[in-house]
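Taking it in order: structure first as structure tokens, then the write-up.
The values are calculated or read from the model by the stated rules, or taken from the named source; none is laboratory data. Note that the structure is predicted; figures quoted are calculated from it, not measured. All Cβ positions, glycine included, derive from the backbone under ideal geometry; neighbour counts span all protein chains shown.
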């Protein structure tokens with residue numbers, strides 16, 4: 001794909017150079033107040049191409065920049081929400097709280113992490 005892109009730019013450059021060589025003629029441009037300017041045709045064509053292209057290019061680049069910032073913001077919010085779901089302890093209806101009278105931690109359902117060492121029991125005095 002990189003080869004085709006390079007080939008395209010080489011062909012486009014060759015066409016622009018050939019156009020410039022064949023049309024390197026002075027063109028008289030009538031300005032306001034009786035002023036006249038002699039400008040070479042390729043320079044005039046390049047100027048008007050840029051006058052039409054640059055505002056449109058700037059508009060679409062700023063639009064793409066705004067959209068990319070919006071996508072980044074939304075992806076950060078989604079990552080935060082996923083992180084909150086990962087670290088938030090699920091609340092099960094009807095689940096009993098562990099009491100201090102038992103020495104064993106409550107049995108956890110399949111698939112949840114368990115501690116290797118038992119939880120420290122409260123001091124009995």
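Annotations for the structure displayed:
- Matching residues, the range 27-57, being in a strand (DSSP E or B) and either surrounded by 10 or more Cβ atoms within 10 Å (Cβ to Cβ) or touching a helix residue (DSSP H, G or I) at 6+ places or on another chain (Cβ under 6 Å) (or both): 27, 29, 37, 39, 40
- When residue 64 is tested against (1) out of contact with any strand residue (DSSP E or B) (no Cβ under 9 Å at 6 or more places or on another chain); (2) loosely packed, with under 10 Cβ neighbours inside 10 Å; (3) farther than 24 Å from residue 15 by Cα, just one condition goes unmet, and that condition is (2).
- Any chance residue 23 is at negative phi, modelled with pLDDT under 95 and touching a helix residue (DSSP H, G or I) at 6+ places or on another chain (Cβ under 8 Å): yes
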